[in-house]
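Written below as structure tokens is the structure these notes are about.
The values are calculated or read from the model by the stated rules, or taken from the named source; none is laboratory data. The model shown is predicted, which means the values in this text are computed figures rather than measured ones. Methodologically, a virtual Cβ is constructed for each residue, glycine included, from the backbone with ideal geometry; neighbour enumeration extends over all protein chains shown.
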Amino acid sequence: MIYIRAMMQPIKEILVLLFLAIFSKATGLKYAYSRGSGVPSDGASYCLSWRLGVEANNVRAWRTVPTQCLRYVENYMIGGQYDRDVELIVEQILSYVSDIVVSSGGLDAWILDVDDTCISNVFYYRGKRFGCDPYDPAGFKSWALKGGCPAIPAVLGLYRQLVDRGFRVILLTGRDEETFGQVTRDNLHNQGFTGYERLIMRSAGDHGKNAVSFKSEIRKQLMEEGYRIWGNVGDQWSDLLGDCIGNRTFKLPNPMYFVP
Ligand SMILES: [Mg+2]
């Protein structure tokens, strides 16, 4: 029996290869196979590798999405895969959260970033070719001042569960308080982010600090106040690196821009 199975395996492989050859001929698809790995080395495959590199923090300090990946990133962001990826991360967070016993002292905290963590800028970036165009501070400012960023549904669900379970949720953003304070509070409120412990933004003294330094300093202060940071969620590695990062960090996907 084992001998027959062993005999069948190469026959199966030949049949699969034959099918792929006929299929690619019939559909006019041209796959280039690299080193016999069976992985197509077309544009989408490159962009998948690029995105993986970005998410794993292997590709850093990139200024724009490679032009050839415009359609790939567009499809990723608005075609459903981004939402599924965020949903999976939220499931992992909730699984971790379910084992935490929240104390009565009101010091069990979570830190959530704001832009492209709680609320989405994907509609803005659609007009910026999903990050293929360089960062445009004036354009982003006028978008953010409209206060129309929609909630990222899975993260809103997570947020509500954290608040309901008694965690103190601290929203920590690199947005400037003076310029964006009121509009950000209003935007969060109208999207359902109510009942947070604090919204911490950059004050005048924080200008010029990079995100890692600014957010590290704030987290350090929070820990000095006695907060236990159980988790830290952000779409940028600069939300999650540095000091006092929390017991666990969760990186949400963002292939549209990089914040140092
Ligand atoms: Mg962000």
Check: Quick one: which of Gly208, Gly234 is over 16 Å from the mean Cα position of the chain (by Cα) and either crowded, with 20+ Cβ neighbours inside 10 Å or away from the ligand (no atom under 16 Å from the Cβ) (or both)?
Finding: Gly208
Note to self: Of the conditions (1) in contact with a strand residue (DSSP E or B) (Cβ under 7 Å, 6 or more places away or on another chain); (2) more than 14 Å from Cys118 (Cα to Cα); (3) within 13 Å of the ligand (Cβ to nearest atom), Cys244 satisfies every one except a single condition; which number is it?
What the structure shows: (3)
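Which of the residues that make up segment 145-159 are more than 12 Å from the ligand (Cβ to nearest atom) and of a type outside the set (Phe, Trp, Tyr)?
To start, the set of residues in segment 145-159 that are more than 12 Å from the ligand (Cβ to nearest atom) comprises 145-148, 150-151, 153-154, 156-159.
Once the filter is applied, which keeps residues that are more than 12 Å from the ligand (Cβ to nearest atom) and of a type outside the set (Phe, Trp, Tyr), segment 145-159 yields Leu145, Lys146, Gly147, Gly148, Pro150, Ala151, Pro153, Ala154, Leu156, Gly157, Leu158.
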Note to self: If I filter segment 1-10 for residues that are modelled with pLDDT of 55 or more and within 30 Å of Phe123 (Cβ to Cβ), do I get at least one hit?
What the structure shows: no
